[in-house]
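Participant: Could you have a look at this structure, given as structure tokens, before my questions?
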Amino acid sequence: MSKTSFIFIASSAALLSACSDHAAKPAETAARTVLVSRVGEGVEAGDRVIGTVRSVRMDVVSAEQGGRVVALLADVGDRVVAGQILARLDPSAQALRAEAADAERARAAVIAAERGRNAERVRQLAADGTASPADLDAALAEVNSARAALRAAEAQARIAQRDRSLTVLRAPASGVIAARPAQLSAVLAPGAPVFEIESGSERRISAPLAASVAARVKPGQQVHFRAGETTGEARLVGLSARESGAGGREATFAITAGNPAPGAVVELLLPGRSGIAGTQVPQAAILEARDGSRKVLVVTRENKLRGVPVRLVSLAGPNALVEGPLKTGEVVVAAGGEFLAPGEAVRPVFAIR
């Protein structure tokens, strides 16, 4: 090998070594991007209670006289106006009673007219001296009796007509049909409900609270609720003055957001106590080892990871209440910590909430 060739090969090797060192150096110092979150103040897991939605004003349409349902002209969810016909009952019996009452009224009218004419004749005879005053008094008494019977018959006819009109059920107020307990062809007892109309827009939630929970909440407190797939908010407006058998109270919440139907069953999430021992971190930030111990990865000021042992106290939605040497405001790895190790350099990015 010539001297020139040796120098060329040595120079090439040195250049390749320099390039290799230059490429390896950034790989050693590159920091991983991690999703982080700040440690929050300790908050106890909220209580979940079950409540029922009630309308502040509810009008009931009932079958005052009872009878068989022959037509239902509205259903749950329909909007109705005052006076609108909602249902019809079989009017056969009421029609027969009204016909009998009309006949009795006509008979009483004929008798009253005949007694009146007879009293007039007796009056003329008494004026001529042919009839005695006693005869006139008896004729006038019969007139008064016949007229009283006529008034009674007329009242019975009006009652029969009213009963007949009650076979047509109308909306007492404008609103939305909240319930329809009656069924077509069913025979209803007098007073049986046929429709329930929500005639007011304001709705409230009634929920029983345990004594420990009732002692913690305060009127005016906002809570979240869930009704099926929908959510909303409500404000505590009061607690019952009388305790239940278990020492609890009945709570009333005014709905401020959301539109659950009257009668719907909802789940209320009451806030827990704040400022209690411990701190709050995302559930995904807690790493569990094979021996059951738990830790979180804290990001130091130098953007290095430091493992901190913690003890899980309770869960509250996406967060967890833990005990350990953590301080409120410290930065922890919010997700993906199982792929990281203490001492590793990272580039923190805060999660968007």
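The values are calculated or read from the model by the stated rules, or taken from the named source; none is laboratory data. The structure displayed is predicted, hence computed values, not measured ones. Reconstructed Cβ throughout: ideal geometry from the backbone, glycine too, with neighbour counts over all protein chains shown. Each accessible area value is taken on the protein alone, full model and side chains, heavy atoms only, with ligands, DNA and RNA left out. Shrake-Rupley method; radii C 1.70, N 1.55, O 1.52, S 1.80 Å.
Participant: Between R242 and Q222, what is the FRET efficiency for a Förster distance of 22 Å, r being their Cβ-Cβ separation, to the nearest 0.05?
Facilitator: After rounding to 0.05, the efficiency reads 0.30.
Participant: Tell me the label-point distance for the pair S185, R151, using the 7 Å Cα-to-Cβ offset, in nm and rounded to one decimal.
Facilitator: 4.9
Participant: If you don't mind, another one. Averaged per residue, what accessible area in Å² does region 181-238 show with a 1.4 Å probe, protein chains only?
Facilitator: Accessible area per residue: 53 Å².
Participant: Out of the total accessible area of region 189-233 (probe 1.4 Å, heavy atoms of protein only), what percent is carbon and sulfur?
Facilitator: 52
Participant: What is the extension gain from E202 to S174, computed as 0.36 nm multiplied by their sequence separation minus the C-alpha to C-alpha distance, in nm to one decimal?
Facilitator: 8.7 nm
Participant: A further question on this structure: Taking θ as phi - 60°, what are the ³J(HN,Hα) couplings along region 95-104 by the Karplus curve (6.51, -1.76, 1.60), each to the nearest whole Hz, with x for Gly and Pro?
Facilitator: Listing the rounded values in order: 5, 5, 5, 5, 5, 5, 5, 5, 5, 5 Hz.
Participant: Amide H of S174: which non-local residues (sequence gap of 5 or more, or other chain) have their own amide H closer than 5 Å, using H built in the peptide plane?
Facilitator: A82
Participant: Would you mind getting me the FRET efficiency between L140 and A100? Use the beta-carbon distance for r and R0 = 35 Å, nearest 0.05.
Facilitator: In this case the efficiency is close to 0.70.
Participant: At D78 and Q124, where each label point lies 7 Å from the Cα along Cα→Cβ, what is the point-to-point distance in nanometres?
Facilitator: Calculated label separation equals 6.3 nm.
Participant: Could you list which residues have their amide H under 5 Å from that of E330, counting only those 5 or more apart in sequence or on another chain, with H placed in the peptide plane?
Facilitator: The answer is V39.
Participant: Round to a whole number: what % of the accessible area of region 106-175 belongs to carbon and sulfur, probe 1.4 Å?
Facilitator: Reported share for carbon and sulfur atoms: 52 percent.
Participant: How high is the FRET efficiency from A31 to T328, r the C-beta distance, R0 22 Å, rounded to 0.05?
Facilitator: Once the sixth-power term is evaluated, E becomes 0.30.
Participant: Same structure again: Would you check the accessible area of R347, probe 1.4 Å, heavy atoms only, in square angstrom rounded to 10?
Facilitator: R347 exposes around 130 Å² with every protein chain in place.
Participant: Let me ask you something else. Rounded to whole Å and sorted largest first, list the principal axis extents of the Cα atoms in region 107-254.
Facilitator: That works out to 98, 37, 26 Å along the principal axes.
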